[in-house]
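The structure appears below as structure tokens.
The values are calculated or read from the model by the stated rules, or taken from the named source; none is laboratory data. None of these values were measured; they are calculated from a predicted model. With ideal geometry, Cβ positions are generated from the backbone for all residues, glycine too; neighbour counts draw on all protein chains shown.
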Amino acid sequence: MAILTAAVVVVGLLCLADLLLTFGVIRRLREHTEQLAGYQAPHDAPVTDLADGEAPVPFTAETLTGEQVTGPAGLRMVAFFSATCSACPERVPPFLDYVRANQLDRDSVLAVMINSNGEPVSYQEDVAQVARIAMESPDGEIDTAFKVRGYPTFFVLDGAGSVSEATHEPATLAPLAAVRQP
């Protein structure tokens, strides 16, 4: 009987130790998740695997208003935002300023909202004033065509649809007058 009691005590202690370790792992996972949620790509990190002057593969997308958009030819700017990106809302005003300052018409600007659940994001109406909006899940057709490596990402294209400039910071984009034409 003493051996049985000792075995139950040992098993109980092992279960208690396992429970404490599990709580520790859960705490660390929560901390890790919070760190990832606040992650922003470093300013010097590559934004795409496309080289300057290279054109993304052709794509077709449907906008939120039901329009068909084909590209990249005919587009002058493509912006990628993500619903889970903490930096995206603060990049919207410089994006809007750039589009307005360069007098880009709405048909030449495409904003791609990476959002797997399809829910509108808080700044979507602001972006819709200057751009057509396509909703995509991660690794969608447009995201893949531009080989985007992080969000937000902004592409300036020449008249033929080749990448002239790509950045995470729209405030650093050169005026369109400085962008080379094909």
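Of all residues in the stretch 58-74, those satisfying the criterion of being over 19 Å from the mean Cα position of the chain (by Cα) and assigned to a loop (DSSP other than H, G, I, E, B) are Pro58, Thr65, Gly66, Glu67, Ala73, Gly74.
Here the stretch 145-162 is the region considered, the condition is being modelled with pLDDT of 90 or more and among the β-branched types (Val, Ile, Thr), and the residue that is surrounded by the most Cβ atoms within 10 Å (Cβ to Cβ) is Thr153. Among the residues of the stretch 109-137, those that are charged (D, E, K, R) and free of Cβ contacts under 8 Å to residues at least 40 places away in the same chain comprise Glu119, Glu125, Asp126. The residue of the stretch 50-98 that is modelled with the lowest pLDDT, among those that are in the same structural domain as Ile142 (by TED's automatic domain parsing) and on the phi > 0 side of the Ramachandran plot, is Gly74.
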